[in-house]
Each structure stands twice: as structure tokens, then as C-alpha cells.
Amino acid sequence: MIIENNTVVSVNYLLAKKDTGEQIEKTSKEHPFVFIFGAGGLLEDFESNLFSKKAGDGFDFFIDHKRGYGVRDEQHVVMIPIDAFLGEDGALDEENVKVGVTLPMVDNEGGKMYGMVMEITKEYIKMDFNHPLSGQDLHFKGEVLEVRAASEEELAHGHVHGEHGHHH
């Protein structure tokens, strides 16, 4: 069976930064990445590079940052008053709010987003709301492990069930 819309695909891959070769993510045959092809939510170029491949096929491709997670935007780096992070006791939770940590936040319209703490001062916390991979050209290299038809239940739920998938 080949990879096409409404197939469940299992892949093993190494994701690295194109320019430096630095490893970003690695799956394994024991813990593959499993998804419904064409269901949305994945990078368009990731899927287009896998289209029509079958189990046992290898892949090795690059995704330009403009087609991946976008261009880094300095307007997404913001200073938030420290008061927004203080607990009822007026203290900062220094165990969870520290430089390098990504925190869940809510915008003015109630939308969820994630920001990485870049700096903490007495007046503000500098946070970066860019995607961690924005501005990075990506290199995917791996192998297609399995391709099968998605069940009606999986298609209705929008995710894979069973081994390496979602369990209800």
C-alpha cells in the first residue's frame, strides 16, 4: 500500500537543523511517528515528500524555514510585567519560571500559546513566542515503516488508535 490520504503512516526519522546538522528530534522503530496522512496538522512539505512512498522506502529531504515553522519575528519577543507571574503570596515561582523554560500562556482573546523565558528582571520577564524551530531550515531523513488504511473510527476521531496511537 502506498501513502495517500486517509492512510495511517508509521515512520522512523531523524530531524536535524540543515545548516549545523544539530539533532532536533529522533524517533525509533520501537517508538515511531504515527499519523493519518492528509488529516492536517503536519507541515505540508513533510507530507508531500512522503506521498506515494511505501513501507521500506527511505526518505531524505529538506524543508526551508519559510515552508516549515516560518521566519523568526522579533515582534513575538515581548516584555511582560513581572506582576503577571507572581503568586498570591507576591512571590515568583522560581522553580517553574526560569530562563530557558517554555510556559503556557493565554492571550487577550483566550487563545493558548507558548513562550520561552529569555530573561527575568525585577520589573519584567522577557519571553519569546516564536515557534522554537522558526527560522530553521529542516532536514528529515528516515524510513517508512508501515502504511495501512485508516479505520472509519480513526478518520472520525482524526487520530490513530492502537499501538503507537491514541488509546480511549
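Bear in mind that the values in this text are calculations on the coordinates, not laboratory data. All values derive from a computational prediction rather than experimental measurement. Cβ coordinates were reconstructed from backbone atoms using ideal geometry, including for glycine residues, and neighbour counts include every protein chain displayed.
Order of I2, I120 from fewest to most other C-beta atoms within 10 Å?
Values: I2 14, I120 17.
Fewest-to-most Cβ neighbours within 10 Å comes out as I2, I120.
Exposure proxy shown here: for H157, H31, the number of other Cβ atoms within 10 Å sets the order, fewest to most, as H31, H157.
How charged is the neighbourhood of I3? Take every other residue with its Cβ under 12 Å from the Cβ of I3, and add Lys/Arg as +1 and Asp/Glu as -1.
Details: positive: K53, K54, R148; negative: E4, E47, D57, E146.
Spelling it out: positives minus negatives among the neighbours equals -1.
Segment 75-116 and segment 15-71 have Cα centres spaced 31 Å apart.
Which loop GluC sites (Glu not before Pro) in segment 70-168, with loop taken from DSSP, have no more than 13 other Cβ atoms within 10 angstrom of their Cβ?
Values: sites: E74, E88, E94, E95, E109, E119, E123, E143, E146, E152, E153, E154, E163; in loops: E88, E94, E95, E109, E123, E163.
Answer by residue number: E88, E94, E95, E109, E123, E163.
Counting charges near A149 (Lys, Arg +1; Asp, Glu -1) among other residues having Cβ under 14 Å from its Cβ returns a value of -3.
Treating only the Cβ atoms of Lys and Arg (+1) and Asp and Glu (-1) as charged, compute the dipole magnitude of the chain about its Cα centre; round to the nearest 20 debye. Working shown, then result.
Values: 15 positive and 31 negative charges, 121 e Å.
It comes to approximately 580 debye.
In this structure the amide hydrogen of Y124, modeled in the peptide plane, comes within under 5 Å of the amide hydrogens of I82, none closer than 5 places in sequence on its chain.
Backbone geometry of segment 30-44 corresponds, through the Karplus equation with coefficients 6.51, -1.76 and 1.60 at θ = phi - 60°, to 3J(HN,Hα) couplings of 6, 9, x, 8, 10, 8, 8, 5, x, 7, x, x, 9, 4, 4 Hz, x marking Gly and Pro.
Basic side chains Lys and Arg get +1 at the Cβ, acidic Asp and Glu get -1 at the Cβ, and with that the dipole of segment 74-128 about its Cα centre reaches some 160 debye.
For segment 50-61, backbone phi angles converted through the Karplus equation (6.51, -1.76, 1.60; θ = phi - 60°) give residue-by-residue couplings of 9, 3, 6, 7, 9, 3, x, 6, x, 8, 7, 8 Hz, Gly and Pro being listed as x. Net charge near A91, counting Lys/Arg +1 and Asp/Glu -1 over other residues with Cβ under 15 Å of its Cβ? Net of charged neighbours comes to -4. Cross-link reach is defined here as a Cα-Cα straight distance under 23 Å, omitting same-chain residues fewer than 8 places apart; for K141 the lysines meeting it are K17, K18, K26, K29, K53, K54, K66.
Among the GluC sites (Glu not before Pro) found in segment 1-46, those both in a DSSP coil and sparsely packed, with 12 or fewer other Cβ atoms within 10 Å of their Cβ, are E22, E30.
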